[in-house]
1. Name the single residue, out of those in the stretch 132-155 being within 16 Å of the ligand (Cβ to nearest atom) and in a strand (DSSP E or B), that is farthest from Ser242 (Cα to Cα).
2. Given the criterion out of contact with any Phe, Trp or Tyr (no Cβ under 6 Å at 6 or more places or on another chain) and farther than 19 Å from Pro20 by Cα, identify the matching residue among Leu273, Leu248.
3. Can you tell me which residues in the stretch 156-178 are over 11 Å from Ile142 (Cα atoms) and assigned to a loop (DSSP other than H, G, I, E, B)?
4. For residues in the stretch 179-202 being more than 16 Å from the ligand (Cβ to nearest atom), touching a strand residue (DSSP E or B) at 6+ places or on another chain (Cβ under 7 Å) and not in a helix (DSSP H, G or I), which is nearest to Ile142 (Cα to Cα)?
5. Does at least one position in the stretch 83-97 carry a residue that is closer than 30 Å to Pro52 by Cα and touching a Cys at 6+ places or on another chain (Cβ under 7 Å)?
6. If we keep just the residues of the stretch 203-221 that are over 13 Å from Glu253 (Cα atoms) and in a helix (DSSP H, G or I), which is nearest to the ligand (Cβ to nearest atom)?
7. Of the conditions (1) of a type outside the set (A, V, I, L, M, F, W, C); (2) within 30 Å of Ser90 (Cβ to Cβ); (3) under 26 Å from the mean Cα position of the chain (by Cα), Thr187 satisfies every one except a single condition; which number is it?
Amino acid sequence: MGHNKYTGDLRAVTQYRAGPVEINIAKHSGYCWGVDRAYEQTVATAKTKDNPVYTFGPLIHNPQTIDNLRKEFNVDYIEDVDDERAGPGSTVIIRTHGVPPEMQEQFKAKGAEVIDATCPYVRVTQNYAQLLHKQKYYVVIIGDPKHPEVISILAYAKGEGTVIKGMDDLYKIPKNKRRMGVVVQSTLILKKVNEIVNALLARSQEVRVFNTICYVTTERQEDAETIAKANDHVIVIGGHASSNTKKLAIVAESFGAKAQLIESPSDIDFDKLKAAKRIGILAGASTPNWLIDQARDLLIEHFSNQPVEA
Ligand code: SF4
């Protein structure tokens with residue numbers, strides 16, 4: 001293809017050269033352990049069941065994967081517990097974000113078999129929320145109140161708590177809560193969490209914090225920094241609904257790289273790459289590896305025949 005693959009710092013990136021540009025792919029790209037596990041569970045279930053298999057909500061924030069599941073394995077998704085397709089004989093797979101416990105019971109009451117593919121790390125956070133609530137802490141969840149993971153965590157605290165997205169939401173916490181228990185959405189940035197926890201300390205006598213940020217998120221944000229510092233342009237591949245993908249783009253831009261957030265390789269805006277010398281590639285935890293490979297191949301194909309400046 002007119003390019004040479006070579007590896008530089010194996011700890012951080014895989015490098016390719018194509019014509020005048022260098023392409024650097026972050027080491028931690030693509031499916032995380034939890035997403036991979038849920039995907040494999042879904043495929044294995046679909047292969048063994050004769051009756052319909054549904055995931056509750058799209059299994060992964062990645063439209064191509066959702067299409068493949070439908071076409072290759074006949075796995076569709078439902079978005080409502082009242083969806084009549086999830087009836088006797090059907091199987092409902094709970095995705096990595098988890099669901100409120102009563103929802104699993106509702107599916108079972110309708111006669112569906114439930115397979116729980118909640119990521120074990122999210123499960124730990126749900127358990128902490130449950131424990132804090134039982135121990136009479138006022139539960140504060142730092143995260144996006146609309147995100148399914150956060151909705152499921154709050155349900156484990158029996159809905160009795162407050163979700164704080166940022167400092168502007170602090171007013172939502174009722175006054176005179178002397179003991180607060182804090183858990184965190186898996187994809188958050190530690191710096192933001194620190195700021196909120198400090199503000200909570202000023203309002204309460206006791207603040208018990210479980211740092212439930214997933215190591216995968218931290219690893220990828222560190223990669224985003226490494227890649228952004230070493231490249232002038234960064235392409236972030238992931239679904240538009242994926243919060244960890246959006247955060248990667250924010251981190252990359254905060255270190256001075258120009259970032260493009262793309263869902264599919266055909267979204268790459270080559271006009272914006274005209275002056276590029278080094279292009280970094282980052283991918284969210286719900287991005288399949290084949291999509292990363294396609295984006296890399298398209299970049300290589302585009303730049304391979306361009307002249308190399310002397
Ligand atoms: S990012 Fe972490 S918490 Fe989320 S699914 Fe992956 S492994 Fe689980």
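1. Per the criteria, the residue is Ile141.
2. Testing whether each residue is out of contact with any Phe, Trp or Tyr (no Cβ under 6 Å at 6 or more places or on another chain) and farther than 19 Å from Pro20 by Cα leaves just Leu248.
3. Ala157, Lys158, Gly159, Glu160, Ile173, Pro174, Lys175, Asn176, Lys177, Arg178
4. Val182
5. Yes, because at least one residue in the stretch 83-97 is closer than 30 Å to Pro52 by Cα and touching a Cys at 6+ places or on another chain (Cβ under 7 Å).
6. Applying the filter and picking the extreme gives Val216.
7. That leaves (2) as the condition not met.
This table checks each residue for (1) buried (at least 19 other Cβ atoms within 10 Å of the Cβ); (2) at pLDDT 95 or above; (3) out of contact with any helix residue (DSSP H, G or I) (no Cβ under 7 Å at 6 or more places or on another chain).
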position	(1), (2), (3)
Asn62	yes, no, yes
Asn68	no, no, yes
Ile93	yes, yes, no
Phe107	yes, yes, yes
Thr118	yes, yes, yes
Tyr128	yes, yes, yes
Ile141	yes, yes, no
Pro145	no, yes, yes
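The values are calculated or read from the model by the stated rules, or taken from the named source; none is laboratory data. Because the structure is a prediction, the values reported are computed rather than measured. Don't worry about glycine lacking a Cβ; one is built from the backbone with ideal geometry, like all the others, and counts go over all protein chains shown.
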